[in-house]
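Q: Structure below; questions to follow.
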Amino acid sequence: MSKVFVDLGISLDGFIAGPNGGANNPLGDNGLKIHEWMFKQKAFLSHLKLEGGETNNPDNDLIENIFNRIGANIMGKKMFIEGETNWPEEAPFNCPVYVLTHQKREPWERPGGTIFYFVNDDISSVLEKARKNTGNKDVRISGGADVIQQYLNAGLVDEISLHFAPIILGKGVRLFEKIDKKKFSLEITDVVNSPMVTHLFYNVINHK
């Protein structure tokens, strides 16, 4: 069975986005700084059909491995709204994306293989739909924080990878603000350092 994982950039003080996020301010005030390490890598730029970028380093290899394992994404409506007006025409997923929303909307297909499905089911049912479209790959719970918290609290996440940028945001959207810590614990599986970011990898041990 495919694995379910969370993969996020995060500030040292635990924020995955700054305040005042929206369609005209994706990831909120200073939120994009969390991902500056990624914007420099060839694997990320190539995913957006852009030229340039650095290669032959742990950051680039890590990005390439993450993209290669994703067979489907699940995200919340807020994340979709922020991205819809800012993603290029060929949205940067190249696989099915399930958007949790109360809005009824037909699937939206973009060039390059990304298809957005707008679903109003419980999170377990959405996960089962996503798994049917992954082949031998995994399902990424993309965000935002509320959606990730729901899947963690429901015991549906197998792995977490966090990319700690050396910045302090001070305020914004916290990843673990609404977590029920009795529902799971974490086991470190790997740590990768680079000049711009520290990558931490965890197995999620779900408690029945």
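Q: May I ask you to verify whether K78 is basic (K, R), loosely packed, with under 14 Cβ neighbours inside 10 Å and out of contact with any strand residue (DSSP E or B) (no Cβ under 6 Å at 6 or more places or on another chain)?
A: no
Q: Here's a follow-up. Being at pLDDT 95 or above, surrounded by 15 or more Cβ atoms within 10 Å (Cβ to Cβ) and not β-branched (V, I, T) is true for just one of E187, E159. Which residue is that?
A: The conditions single out E159.
Q: What are the residues in region 1-37 that are surrounded by 20 or more Cβ atoms within 10 Å (Cβ to Cβ), outside any loop (DSSP other than H, G, I, E, B), touching a Gly at 6+ places or on another chain (Cβ under 7 Å) and not hydrophobic (A, V, I, L, M, F, W, C), if any?
A: Hit for region 1-37 is G31, nothing else.
Q: Considering (1) farther than 18 Å from L100 by Cβ; (2) crowded, with 16+ Cβ neighbours inside 10 Å, say which one T134 fails and leave the rest.
A: Failing condition for T134: (1).
Residues checked against (1) at pLDDT below 90; (2) under 23 Å from F201 (Cα atoms); (3) aliphatic (A, V, I, L, M); (4) in contact with a strand residue (DSSP E or B) (Cβ under 7 Å, 6 or more places away or on another chain):
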residue	(1), (2), (3), (4)
L48	yes, no, yes, no
E51	no, no, no, no
N57	no, yes, no, no
N73	no, yes, no, yes
Y98	no, no, no, yes
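Q: Enumerate the pairs (first residue in region 143-165 and farther than 19 Å from T189 by Cβ; second residue anywhere and in a helix (DSSP H, G or I) and of a type in the set (G, A, S)) with beta-carbon separation below 8 Å, excluding pairs fewer than 6 apart on the same chain, so at least 6 apart or on different chains.
A: A154/S124
Yes/no per residue for (1) modelled with pLDDT under 95; (2) of a type in the set (S, T, Y); (3) under 15 Å from the mean Cα position of the chain (by Cα):
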position: N136; (1), (2), (3): yes, no, no
position: D146; (1), (2), (3): no, no, yes
position: A154; (1), (2), (3): no, no, no
position: H163; (1), (2), (3): no, no, yes
position: I167; (1), (2), (3): no, no, no
position: R174; (1), (2), (3): no, no, yes
position: E177; (1), (2), (3): yes, no, no
position: D180; (1), (2), (3): yes, no, no
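Q: Next up: Collect the residues in region 102-120 that are touching a strand residue (DSSP E or B) at 6+ places or on another chain (Cβ under 8 Å) and under 28 Å from N136 (Cβ atoms), keeping them in residue-number order.
A: P107, W108, E109, R110, T114, I115, F116, Y117, F118, V119, listed by residue number.
Q: Tell me, which residue of region 83-113 that is small (G, A, S) and part of a loop (DSSP other than H, G, I, E, B) is surrounded by the most Cβ atoms within 10 Å (Cβ to Cβ)?
A: Checked region 83-113; the qualifying residue surrounded by the most Cβ atoms within 10 Å (Cβ to Cβ) is A91.
Q: Let me ask something additional. In this structure, is F116 assigned to a strand (DSSP E or B), of a type in the set (F, W, Y) and surrounded by 16 or more Cβ atoms within 10 Å (Cβ to Cβ)?
A: So F116 passes the test.
Q: Here is a follow-up. Could you run through region 78-100 and say how many residues are in contact with a helix residue (DSSP H, G or I) (Cβ under 9 Å, 6 or more places away or on another chain) and among the charged types (D, E, K, R)?
A: 1
The values are calculated or read from the model by the stated rules, or taken from the named source; none is laboratory data. Source: prediction; values computed, not measured. FYI the Cβ positions are ideal-geometry reconstructions off the backbone, even for glycines, and counts take in every protein chain you see.
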